[in-house]
Amino acid sequence: MKTVSWGERTFAPSKLVCVGRNYVKHIEELNNPVPGELVLFLKPNSSLSDSLVVPQERCRFETEITFLMEGGRPVAVGLGLDLTLVEVQQRLKESRLPWEKAKAFDGAAVMSPFVDLPQDWSSLWLELFINGESRQKGGVPEMIHKPEAILAEVARHFSLADGDLVMTGTPHGVGDLVAGDVFEVSLWDGENHLLQHSWIETS
C-alpha cells in the first residue's frame, strides 16, 4: 500500500475522494458548465505518489488543498496534484464512458507531506510556482463548496477510513506537464506559512 506522511506518522489511504469543478474561474477556463451539485470521484491507493512521474500521454496538473482523515474528521492538511490524461479523458467523455483511466492511473495523485490542520480552515490557500513563475493561487474563500460542506457530503456517500484523503478542487491556472519543470507549492493559513514542497517532473 502507498503511504503519506504527517510528521513522524505514516498512513496508507484506502482511497482518495476528489472534488471536481469547485472554483468558478477553473470551470470557466476549461469551458465546463457549473454543476448543480457537488462533483465527487475516487482515486485508489495505487494512484498515490510522492514523485511527479507521468506517462507519455498529454497530462494536466491541478493543485489542490487536501485533508487527511482520522477518526472520521480531518486532522492534517497538505497539497496534492490531481493529474489528468487530457486526451484519454476527452475520448472517454465523448463515448459516455467512465474516466478512471484518465484520472486514477498509477501516479495520478502526487502528495506533499501533511502538517497539522489549523483550527479555523476558512483562510487556507495555496500557491503553485513552476520554474519560479506563479501559476495557480487560490483557496477556501474562492471555493464554491467550502470544506465543511464537502466533508458532510462525502460522509453521506462514503465511509472514510483513517488515512483517507479528501482533495477539494483546484483554482484556475491548470496546465500541461513538461519534462524537467520544477513545481514548488506553498500552503498558507492567512499570512501564516504552513508548508512548502517541491517536485521535478520527469517522464
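The condition of being in contact with a Ser or Thr (Cβ under 6 Å, 6 or more places away or on another chain) and acidic (Asp, Glu) holds for only one of GLU64, GLU57, GLU37, GLU29, that being GLU64. If I ask for residues that are part of a loop (DSSP other than H, G, I, E, B) and surrounded by 14 or more Cβ atoms within 10 Å (Cβ to Cβ), which ones from segment 1-29 would you list? Result: LYS2, THR3, ALA12, PRO13, SER14, ARG21, ASN22. Of everything listed in (1) part of a loop (DSSP other than H, G, I, E, B); (2) within 21 Å of PHE183 (Cβ to Cβ), the single unmet condition for PHE67 is (1). Scanning segment 155-191 for residues that are without any contact (Cβ under 8 Å) to a residue 60 or more places away in the chain and not small (Gly, Ala, Ser) yields ARG156, VAL178, ASP181, VAL182, GLU184, GLU191. Looking at (1) modelled with pLDDT of 95 or more; (2) touching a strand residue (DSSP E or B) at 6+ places or on another chain (Cβ under 7 Å); (3) not aromatic (Phe, Trp, Tyr), can you tell me which one LYS146 breaks? Condition not satisfied by LYS146: (2).
Checked against (1) touching a Lys or Arg at 6+ places or on another chain (Cβ under 6 Å); (2) hydrophobic (A, V, I, L, M, F, W, C); (3) surrounded by fewer than 20 Cβ atoms within 10 Å (Cβ to Cβ), TRP121 meets all criteria but (1). Applying a threshold of 8 Å to beta carbon distances and a minimum spacing of six or more residues, or different chains, the list of pairs starting in segment 103-120 at a residue that is under 18 Å from GLY20 (Cβ atoms) and ending at one that is buried (at least 23 other Cβ atoms within 10 Å of the Cβ) and charged (D, E, K, R) reads LYS103/LYS43; LYS103/ASP82; ALA104/LYS43; ALA108/LYS43; ALA108/ASP82; ALA109/LYS43; ALA109/ASP82.
Only residues that are within 20 Å of ASP116 (Cα to Cα) and in a strand (DSSP E or B): list them for segment 45-64, please. Across segment 45-64, the qualifying residues are THR63, GLU64. Restricting the first residue to segment 123-138 and requiring it to be in contact (Cβ under 8 Å) with a residue 12 or more places away in the chain and closer than 12 Å to LEU195 by Cβ, which pairs with a second residue that is acidic (Asp, Glu) and surrounded by fewer than 22 Cβ atoms within 10 Å (Cβ to Cβ) meet a Cβ separation below 7 Å and a spacing of at least six or different chains? Taking only residues 6 or more apart or on different chains, the pairs are LEU124/ASP189. Determine, yes or no, whether GLU148 is farther than 17 Å from LYS15 by Cβ and surrounded by 14 or more Cβ atoms within 10 Å (Cβ to Cβ). The answer is no for GLU148.
The values are calculated or read from the model by the stated rules, or taken from the named source; none is laboratory data. Being a predicted model, the structure only gives us computed values, none of them experimental. Methodologically, a virtual Cβ is constructed for each residue, glycine included, from the backbone with ideal geometry; neighbour enumeration extends over all protein chains shown.
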